[in-house]
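Everything on this sheet refers to the single structure shown next.
We did not get these values from a lab; they are worked out from the coordinates using the rules stated. Small disclaimer: the values here were computed from a predicted structure and weren't measured. Note: ideal-geometry Cβ built from the backbone for every residue, glycine included; neighbour counts use all protein chains shown.
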Amino acid sequence: MKMIKYVTVIIGCLFFTLTFNNTLIAQPPDNCWSGDPCTADWICESHSFDYQLLTIGLIGTVKYCWRNCGGEIEIIIDWDYTELIDPDFLAHGTKEELDFDGAREYLKLLILNKVIDLGNITIPDCSTGGKTFFNIYTARCGVWVKCSYKVDTQGEVMKDIGYDGNCPLPYSHNGDSYIDVWKWQSCGEVCCKKTYTVCKEGTTGAGNIRISTPTTDPAPGEQCTDQGVFKDWKTDLPYQCKDGCAGSGN
């Protein structure tokens, strides 16, 4: 049985004040998921918001669209339109293909709660399961590739004073010896799907909404745009690009 981890999201003036001003938008979102099976109509909105947490403020504008896909709620945020003013008080950073932005991640949760309110969506009790919400977004991809240096294994190996450990050992290929030097490179981008399970615990109220730790993967049928471009020079087999779906997207 799959175990679902939940975090509690408490929305209320005790912790922060969140003010949304709504504007309905007619055009549908730019959906990167080419194989999206859902055909329901989109509801698109633009909000300006003022989020206050203790003495720290997050102000900005956001555009997003959502729709009900057979009971599952699909959400797409237009990050080209969305602007966060001074969001750096929340953690953010980049490592290889992963981009993490705490302000974006929190805004996703705020929008999820907003969609529940706007759509009058019934959230089931946690004892009976939960309702599925998912975000569609793009993320970067990466791959490690190498240069291979042919070396003379009979030559003397010199170490700097204070060098700790062994020097890289060459390997043999077709009778010659090589040492590899690896580097990370971009492998395009990929369309991702981040899925949340949402349920209600205890009595009715926003403070009782529980949101699972999300699962993140490429959207079904999607792969990194440069998959197959990078190949091992010895075998001519392609390297597998790594997706950055576990991050916040780009």
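Placing a pseudo-label 7 Å from each Cα along the Cα-to-Cβ vector at Cys167 and Glu201 gives an inter-label distance of 5.8 nm.
Protection proxy ranking for 109-116, 225-232, using the average of other Cβ atoms within 10 Å per residue and placing the highest first: 109-116, 225-232. Backbone phi angles across the range 114-124, fed through the Karplus curve with coefficients 6.51, -1.76 and 1.60 (θ = phi - 60°), yield HN-Hα couplings of 5, 5, 4, 5, 5, x, 6, 7, 7, 9, x Hz in residue order; Gly and Pro are listed as x. Annotation for the range 209-247 versus the range 165-196: alpha-carbon center distance of 15 Å.
Pulled fully out, how much extra length does the chain show between Lys150 and Ser177, if you take 0.36 nm times their separation in residues and subtract their Cα-Cα distance? Could you put the intermediate results ahead of the total?
Working: separation 27, 0.36 × 27 = 9.72 nm, distance 0.56 nm.
9.2 nm is the gain from fully extending Lys150 to Ser177.
Could you list, in their original order, any pairs among Lys146/Lys193; Lys95/Lys159; Lys146/Lys242; Lys193/Lys231; Lys159/Lys231; Lys95/Lys150 whose Cα atoms are separated by more than 23 Å? Distance filter (> 23 Å) returns Lys146/Lys193; Lys95/Lys159; Lys193/Lys231; Lys159/Lys231; Lys95/Lys150. Counted by Cβ distance under 15 Å from Gly202, the other residues give a net charge of 0, where Lys and Arg count +1 and Asp and Glu count -1. Scalar couplings 3J(HN,Hα) for the range 67-80, obtained by applying the Karplus form with A = 6.51, B = -1.76, C = 1.60 to θ = phi - 60°, are 7, 9, 10, x, x, 9, 9, 9, 10, 10, 9, 8, 6, 5 Hz; x denotes Gly and Pro. Extending 7 Å from the Cα toward the beta-carbon at both Leu109 and Asp50 defines two label points whose distance is 2.3 nm. At an R0 of 35 angstrom, the distance between the Cβ atoms of Val229 and Glu72 translates into a FRET efficiency of 0.55.
One chain, two ends: Ile85 and Ile43. Fully extended at 0.36 nm per residue, the span grows by 12.6 nm beyond their Cα-Cα distance. Among 189-198, 121-130, sorting by the average number of other beta carbon atoms lying within 10 angstrom of each residue, highest first, gives 189-198, 121-130.
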